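Trainee: Shown below is the structure under consideration.
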Amino acid sequence: MNDETAPLAVWCAGEEWCPITSTATILGKKWHPVIIHRLLKHGPSGFNALKDAVDGISAKVLSDSLENLEEYGLVNRAVISEKPFRVEYSLTPRGKSLEPIIIAMQDWGKEHLMPADEPAQ
């Protein structure tokens, strides 16, 4: 697990837009923003509760996504009990710091995207 306080590496050659593309790499994965949003909204959650909250995600994809978010220092995984085995996922301070970005994404979508049940114009 990464030190959640250490800066994350950028993936480009130091251009002024590097922080944008590096952040987009993390948040650009299909389920990452949704998982972060659900943890912001519901707080620490067990795997099954999180799977239910992220409608449409498979257990394998959720597991892989949580592992990836943990590697970035955005999500913490804590074993709550051994028998029965129970794990709880929560946002780290770095993960919580994404709240304004996630809310801005939600607000932008509400303003500029039509609901799925409306016909295209």
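Trainee: Taking segment 85-111 as the region of interest, how many residues are closer than 17 Å to Glu71 by Cα and aromatic (Phe, Trp, Tyr)?
Mentor: 1
Trainee: Starting from segment 12-34, take each residue that is free of Cβ contacts under 8 Å to residues at least 12 places away in the same chain and list its partners that are surrounded by 15 or more Cβ atoms within 10 Å (Cβ to Cβ), counting only C-beta distances under 6 angstrom and pairs at least six apart or across chains.
Mentor: So the pair list comes out as Cys18/Val10.
Trainee: Here is a further query. Condition (residue is hydroxyl-bearing (Ser, Thr, Tyr), out of contact with any Leu (no Cβ under 7 Å at 6 or more places or on another chain) and closer than 18 Å to Leu98 by Cα) applied to segment 46-65: is it met by at least one residue?
Mentor: Yes: segment 46-65 contains one or more residues that are hydroxyl-bearing (Ser, Thr, Tyr), out of contact with any Leu (no Cβ under 7 Å at 6 or more places or on another chain) and closer than 18 Å to Leu98 by Cα.
Computed from the coordinates by the stated procedures, all read-outs in this text should not be read as laboratory data. This is a predicted model, so every value here is computed, not measured. Note: ideal-geometry Cβ built from the backbone for every residue, glycine included; neighbour counts use all protein chains shown.
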